[in-house]
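Everything below concerns the one structure shown next.
What follows is calculated from the coordinates using simple rules that are stated; it is not laboratory data. In this text the structure is predicted, and so the values were computed from the model without any measurement. Positions of Cβ are generated from backbone atoms using ideal geometry, with glycine treated the same way; all protein chains shown enter the neighbour counts.
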Amino acid sequence: MTTILFAAGQRLWPTWEAPLRKALAEAGVEATLTLNAAPADVDVMIYAPGGDTPADFTPFVTCKLVQSLWAGVERIVTIPTLTQPLCRMVDPGLTQGMVEYVVGHVLRAHLGIDAVLAAQNGQWRPVIPPLASDRPVAMLGLGALGTACGQALAALGFEVLGWSRTAKAHDAIACHHGDAGLRAVLERAQIVVTLLPATKATDCILNEQTLAWLPRGASLINPGRGSLIDDDALLVALDSGQVAQATLDVFRTEPLPQAHPYWAHPRVTVTPHIAADTRPATAARLVAENVRRMLAGEELLHRVDRRAGY
Ligand code: NAP
């Protein structure tokens, strides 16, 4: 019998147990799903940051799949004893949530909704926003989330400029990659969305130099990871008007400390890492499918490339 250890924490167990059991049954997987098991008996580990995930994976000698419930894996991929295959979460529910967050905040920046609300003072001063087709949006990251968000924005008429590590082609997105590609994308972007993973290569990808490439008055939306931004450089860019507004969902330290200047900054909107949550009803199907694949000796879905770090 296959043993699946739910090492994502007691807190998550009540919301995940039933969807996981249902999805495993639907996938035809016979397994013991448990909160406790001897390491040497574990075939699959389900992981989430802050759960009961072990710091040392050495005793898990029979484990052939570590399945993350989160899309971002920076907190586990760096553990040196984790040699078992690691897969990250790609979940239709999570993707839909991210599309809604990104489209909502892009439209807020595009339509100038903050300025409209601030001007609600009896003064009749019409300011007509440009059409979406005249508003270039940069999508940094063209993975599961960046592509879905880019396509949704393109469907609304936005000109979407995408950037990724490797070359890509999408009908609705003008794709760029590499260092020269980043500059080409940022130099045109009036709204920037960051959906990159936290890796050494993406640390402070938005810094004094790259923020200066933006047209003056651009807006930034970061639902990716806090490490993508050099916070000091962003605060300087906000104070100078180089960046008009920043909507930030993720931070180097979470919860964002009370004393952090982002909280009080008039041009910053803080959201508390709520852009997109994994939805157990849909995400459990990926977990079950990967367990099925592992047992059948088939290629796993969304396997993490340890060298790239995502
Ligand atoms: P993904 O499918 O792995 O896509 C990552 C994208 O980033 C890929 O297009 C990749 O390029 C690109 N990339 C990675 N390193 C790069 C580099 N050095 N230079 C240029 N491009 C680079 O990830 P995803 O599922 O879309 O998720 C993206 C991130 O969103 C996650 O890592 C996580 O941090 C964040 N997230 C946040 C929330 C939230 O609630 N705030 C929820 C879920 C996820 P290639 O295509 O060339 O590989």
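From the list 103, 127, which residue is closer than 26 Å to residue 217 by Cβ, free of Cβ contacts under 8 Å to residues at least 24 places away in the same chain, out of contact with any Ser or Thr (no Cβ under 9 Å at 6 or more places or on another chain) and aliphatic (A, V, I, L, M)? Write out each step before concluding.
Details: 103 fails: free of Cβ contacts under 8 Å to residues at least 24 places away in the same chain.
One residue alone meets the criteria, 127.
Out of 135, 75, one residue alone is more than 15 Å from the ligand (Cβ to nearest atom) and not aliphatic (A, V, I, L, M). It is 135. The number of residues in the range 112-132 being assigned to a helix (DSSP H, G or I) and either among the small types (Gly, Ala, Ser) or within 16 Å of the ligand (Cβ to nearest atom) (or both) comes to 3.
So if I check each of 18, 71, 31, 8, which one is small (Gly, Ala, Ser), over 15 Å from residue 87 (Cβ atoms) and crowded, with 18+ Cβ neighbours inside 10 Å? Quick ask: steps written out before the conclusion?
Values: 18 fails: crowded, with 18+ Cβ neighbours inside 10 Å; 71 fails: over 15 Å from residue 87 (Cβ atoms); 8 fails: over 15 Å from residue 87 (Cβ atoms).
Unique residue meeting the criteria: 31.
Residues in the range 49-65 that are out of contact with any helix residue (DSSP H, G or I) (no Cβ under 9 Å at 6 or more places or on another chain), within 22 Å of residue 281 (Cβ to Cβ) and surrounded by 15 or more Cβ atoms within 10 Å (Cβ to Cβ): 49, 51. Is there a residue being part of a strand (DSSP E or B) and farther than 26 Å from residue 132 by Cα anywhere in the range 283-305? For the range 283-305, residues part of a strand (DSSP E or B) and farther than 26 Å from residue 132 by Cα: present.
For the range 138-166, a residue qualifies if it is more than 8 Å from the ligand (Cβ to nearest atom) and surrounded by fewer than 15 Cβ atoms within 10 Å (Cβ to Cβ), and the qualifying residues are 155, 157.
Residues of the range 175-214 being of a type in the set (D, E, K, R) and farther than 17 Å from residue 160 by Cα, which ones? Steps first, please.
Filtering the range 175-214 for residues of a type in the set (D, E, K, R) gives 179, 183, 187-188, 200, 203, 208.
Answer for the range 175-214, where residues must be of a type in the set (D, E, K, R) and farther than 17 Å from residue 160 by Cα: 179, 200, 203, 208.
Residues that are more than 27 Å from residue 138 (Cβ to Cβ) and away from the ligand (no atom under 13 Å from the Cβ) do not occur anywhere in the range 93-111.
Before we move on, is residue 126 in contact with a Phe, Trp or Tyr (Cβ under 9 Å, 6 or more places away or on another chain) and on the phi < 0 side of the Ramachandran plot?
Values: in contact with a Phe, Trp or Tyr (Cβ under 9 Å, 6 or more places away or on another chain): no; on the phi < 0 side of the Ramachandran plot: yes.
So residue 126 fails the test.
Annotation: residue 169 fulfils all but one of (1) within 24 Å of residue 225 (Cβ to Cβ); (2) among the hydrophobic types (A, V, I, L, M, F, W, C); (3) within 13 Å of the ligand (Cβ to nearest atom); (4) outside any helix (DSSP H, G or I); the unmet one is (1).
Of the residues making up the range 191-214, just one is touching a residue at least 40 places away in the same chain (Cβ under 8 Å), over 22 Å from residue 132 (Cα atoms), more than 6 Å from the ligand (Cβ to nearest atom) and among the β-branched types (Val, Ile, Thr), namely 205.
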